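The values are calculated or read from the model by the stated rules, or taken from the named source; none is laboratory data. Fair warning: this is a prediction, and the values are worked out from it, not measured in the lab. In this analysis, Cβ positions are derived from the backbone assuming ideal geometry, glycine residues included, and neighbour counts consider all displayed protein chains. When the accessible area is computed, the model is the full protein with side chains, heavy atoms only, and any ligands, DNA or RNA have been set aside. Shrake-Rupley method; radii C 1.70, N 1.55, O 1.52, S 1.80 Å.
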Amino acid sequence: MDNLINRLAARAGADPATADWRAFIRRLDLHEPRLRALLQSLYGERADFEDQYERILLTAARAHLERRPDLKALDAERERDPRWFRANTMLGGIAYVDLFAGNLEGIRARIPYFKEIGLTYLHLMPLFKCPEKNSDGGYAVSTYREVNPALGTMDQLRTLADALRAEGISLCVDFIFNHTSDEHAWALQARAGDDAHRDFYLILPRSQADQYDRTLREIFPDQHPGAFTPLSRWPGAVNRSGEDEWVWTTFNSFQWDLNYANPAVFDGMAAEMLFIANAGVDVLRMDAVAFIWKRLGTACENLPEAHTLIQAFNAVARIAAPALVFKSEAIVHPDDVVKYIRPDECQLSYNPLLMALLWNSLATREVRLLQQAVNTRFTIHPDCGWVNYVRCHDDIGWTFSDEDAAGLGINGYDHRRFLNSFYTGRFDGSFALGVPFQENPKTGDCRISGMGASLAGLEQALVQHSPVLLDMAISRILLLHGLILSFGGVPLIYLGDEIGARNDYGYRDDPHKAGDSRWVHRVGMDWEAAARRTAAGSIEARIFGGLKAMIDLRKALPCFSGSGDAQGIETGNEHVLGFTRYHDTGALIVLANFSEQPRTVPAEVLHTQGLTYPTVDLIGGGPVALGADIHLGPYQLLWLRPGV
């Protein structure tokens with residue numbers, strides 16, 4: 001090991017006598033054995049493994065040396081407090097740079113707005129350079145070293161990250177590491193016939209592609225059948241095999257899947273990851289984690305090697321930039337979602353099941369599936385955290401387990417058809433105005449697009465000019481957001497939801513967006529509407545004020561810290577969700593009525609939770625009589641806690 005360290009110092013140009021290099025060696029000693037074991041399990045049979053491994057360590061060493069002193073100070077701080085993202089003060093926001101503020105300078109100018117909401121975490125949607133037309137909303141990256149020129153420059157991104165951090169806001173960006181754009185330099189060299197870069201991707205004869213396709217599912221069947229695109233689609237692309245060659249493109253034909261069976265790909269992407277970290281980014285959203293490893297005869301999703309790869313990236317980050325945190329994006333079966341959530345893999349994870357079941361409970365007015373999930377699905381490692389959200393840039397998929405549903409007497413297939421019908425407004429009595437995404441008319445299968453307010457009935461209420469429906473819609477919006485604030489972890493607001501932004505159907509007039517209904521909820525921020533958040537009685541003020549009051553309560557009370565620790569309560573009412581969160585300062589009991597009718601919870605429910613007099617309704621601000629039943633109004637949320 002000493003010889004290896006000496007070679008690394010010489011090749012990286014490090015001074016072995018400095019405290020900075022000694023700090024790197026300390027982390028290397030701590031994490032290198034894990035990194036070696038992980039990479040050896042993937043690449044150990046290669047004759048060049050030791051050379052490849054040393055290159056990866058050299059990448060980490062150079063990134064550490066290039067890291068600024070202030071970021072190294074943050075590394076030390078986060079090592080001392082690895083659970084920083086579980087604090088009750090955490091609050092996230094997510095937005096597209098251009099749609100929210102035009103460019104990175106516009107985002108910086110809106111920091112006072114973020115502070116007003118209470119954000120401590122800001123996720124900016126894909127912002128790296130991508131093709132002008134075929135970009136999948138920025139998820140087809142042409143280079144990770146440049147910002148999309150329409151949004152700004154890398155220097156402006158660094159300046160923004162610093163400005164956010166100075167205000168206590170951590171920056172999150174997407175790390176799209178399953179694939180690159182077909183215009184990435186690696187893809188261009190592969191198309192030109194360079195053998196080394198052809199091996200960065202999976203370019204296969206059609207006969208071999210057919211073998212894989214037999215067990216793969218189509219992700220975007222509207223875009224292209226199967227998982228491959230003919231290499232001949234790119235004029236001038238060099239065919240090396242003499243057969244008809246096809247490129248692996250899981251999502252869109254212009255997104256080329258990377259070949260992680262090649263350790264040079266891991267090294268290349270590790271370098272990009274650390275470059276982004278050194279720009280001041282705190283959190284990486286690890287895109288499409290389920291798809292990153294391929295093996296013939298499988299679905300090529302959620303394979304063990306995918307976890308090994310992410311853990312190896314995590315180990316590299318612990319060595320070179322330990323302040324960096326990973327957030328898993330795994331919109332898969334609940335059994336598979338939790339497998340990505342580990343301190344040595346992804347410390348954070350989206351909670352797609354909670355999101356889907358919140359909307360399910362609004363549609364059905366029943367909480368059985370959601371209560372079951374609270375009881376059985378949300379417990380995670382205490383050093384990790386859920387990112388709980390109501391809406392995001394993507395569609396809603398009904399990701400509950402068919403087995404869980406069957407245990408409650410619910411047919412998963414039929415129930416998804418009902419939910420699709422309800423949220424597209426086709427179901428009689430629905431309050432929702434969503435748009436189907438990737439709809440299959442033969443099976444009725446689809447996913448749902450739409451802004452939260454439009455799905456919760458606000459758009460319909462305004463169309464019908466109904467004050468009653470308007471009140472109901474605002475109550476639904478506040479209920480859902482109040483619940484993501486209740487669960488701990490990082491509650492994430494899709495910016496615009498805090499003022500009740502609705503669907504934008506203008507995407508249908510843009511030929512580059514018309515085929516993707518998700519643009520209906522990728523709306524531009526209406527700053528005139530946002531200005532009405534202080535106008536008493538306005539829709540914006542009612543939503544913003546109600547949400548802000550709950551945010552302020554959460555930030556003031558340590559009982560909201562932690563994540564994945566809720567314990568379900570059987571409320572005796574199928575319309576009312578219940579759970580308890582325990583803390584040194586006392587229990588917090590959460591009750592949520594998912595019905596437009598008043599509902600009652602028997603008094604003995606509170607007795608079993610050990611509440612004593614006095615008990616306070618934190619949201620309402622008044623005392624709760626423990627000897628009587630609890631009455632909840634339509635869509636009411638209660639936070640009950642021992643008084644003082």
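Using only alpha carbons, region 233-344 has a radius of gyration to Kirkwood radius ratio (Rg to Rh) of 1.01. The convex hull defined by the C-alpha atoms of the chain has an orientation-averaged projected area of 29.4 nm².
Note on region 34-89: Cα convex hull, mean projected area over all directions, 5.5 nm².
Once the 1.4 Å probe is applied to the protein heavy atoms, the chain comes out at 37 Å² accessible per residue. As I understand it, the value is the acute angle between the Cα axis of helix 304-320 and the longest principal axis of the Cα atoms of the chain; what does it come to in degrees, rounded to 10? Value to nearest ten degrees: 80. Here the contact order of region 291-376, divided by its residue count and restricted to Cα pairs under 8 Å and six or more residues apart, works out to 20 percent. Between helix 412-423 and the chain there is an angle of about 70 degrees, using the helix long axis and the longest principal axis of the Cα atoms. What is the percent carbon and sulfur in the accessible area of the chain, measuring with a 1.4 Å probe over the protein chains and ignoring ligands? Of the solvent-accessible surface of the chain, carbon and sulfur hold 51 percent.
Remark: region 393-515 projects, on average over all directions, an area of 9.6 nm² (convex hull of Cα atoms).
In terms of the mean number of neighbouring beta-carbon atoms within 10 Å, the peptides 563-576, 600-613, 493-506 order highest first as 493-506, 563-576, 600-613.
Here region 77-207 yields Rg over Rh of 1.08, to two decimals, using C-alpha coordinates and the Kirkwood radius. Computed over region 199-258, relative contact order equals 43 percent, with contacts defined as Cα pairs under 8 Å that lie 6+ residues apart. Only Cα sites of region 1-158 enter the Debye sum here, all with the same form factor; the resulting log10 I(q)/I(0) across q = 0.16, 0.17, 0.19 1/Å is -1.12, -1.14, -1.17, listed in q order.
Pair-distance distribution of region 490-644: all C-alpha pairs, bin width 10 Å, starting at 0; shares per bin in whole percent are 10, 30, 29, 20, 9, 3, 0. The modelled label-to-label distance between T534 and K442, using points 7 Å beyond Cα along the C-beta direction, is 5.8 nm. Taking the longest Cα principal axis of the chain as reference, the axis of helix 2-12 is set at about 90 degrees.
Write out the GluC sites (Glu not before Pro) in region 1-65 meeting two conditions: DSSP loop, and at most 16 other Cβ atoms within 10 Å of their Cβ.
E45
Taking the inverse of the mean 1/r over every pair of distinct Cα atoms in region 555-644 gives a Kirkwood hydrodynamic radius of 13.2 Å. Each label point was placed 7 Å from the Cα along the Cα-to-Cβ direction; for A185 and E116 their separation is 4.3 nm. For K72, the lysines whose Cα falls under 23 Å of its own Cα, not counting residues fewer than eight places away in the same chain, are K327.
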